[in-house]
1. With the calculation restricted to Cα positions, what are the radius of gyration and Dmax of the stretch 1-41 in angstrom?
2. Compare the Cα positions of Gln14, Val46, Gly25 along the charge dipole of the chain (+1 at Cβ of Lys, Arg; -1 at Cβ of Asp, Glu; about the Cα centre) and return the one farthest towards the positive end.
3. To the nearest 10 degrees, how steep is helix 13-24 against the longest Cα principal axis of the chain, on a 0 to 90 scale?
4. Hey, rough spin-label estimate for Ala36 and Gln14, points 7 angstrom out along Cα→Cβ, what's it come to in nanometres?
5. How large is the dipole of the chain about the Cα centre if only Lys and Arg carry +1 and Asp and Glu carry -1, each at its Cβ, rounded to the nearest 20 debye?
6. Got a number for carbon plus sulfur as a percent of the chain's accessible area, 1.4 Å probe?
Amino acid sequence: MSELVVKYNELTAQQFIELWETVWGDGPSLEQTELAMKHTLFRISVWDGDFR
């Protein structure tokens, strides 16, 4: 079983878009995502396996 790694405020806009597109198809633009993340108080991501 892989170890889960919790990361705080490390998810990039590009990583978010890639994740979005694997589930829902076309994602928001890079500019939209960067603006949204700039105005977000807290970001958390959970990684399983590939820790890029």
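1. When restricted to Cα atoms, the stretch 1-41 yields Rg and Dmax of 11.9, 37 Å.
2. Val46
3. It works out to around 80 degrees.
4. 1.9 nm
5. The calculated dipole for the chain is roughly 240 debye.
6. In the chain, the share of accessible area belonging to carbon and sulfur is 59 percent.
The values are calculated or read from the model by the stated rules, or taken from the named source; none is laboratory data. What you see is a predicted model, and the numbers here were worked out from it, not measured in a lab. For neighbour counting, all protein chains shown are included, and Cβ atoms are generated from backbone atoms with ideal geometry for every residue, glycine included. Just the protein is used for accessible areas: all its heavy atoms, side chains included, with ligands, DNA and RNA removed. Shrake-Rupley method; radii C 1.70, N 1.55, O 1.52, S 1.80 Å.
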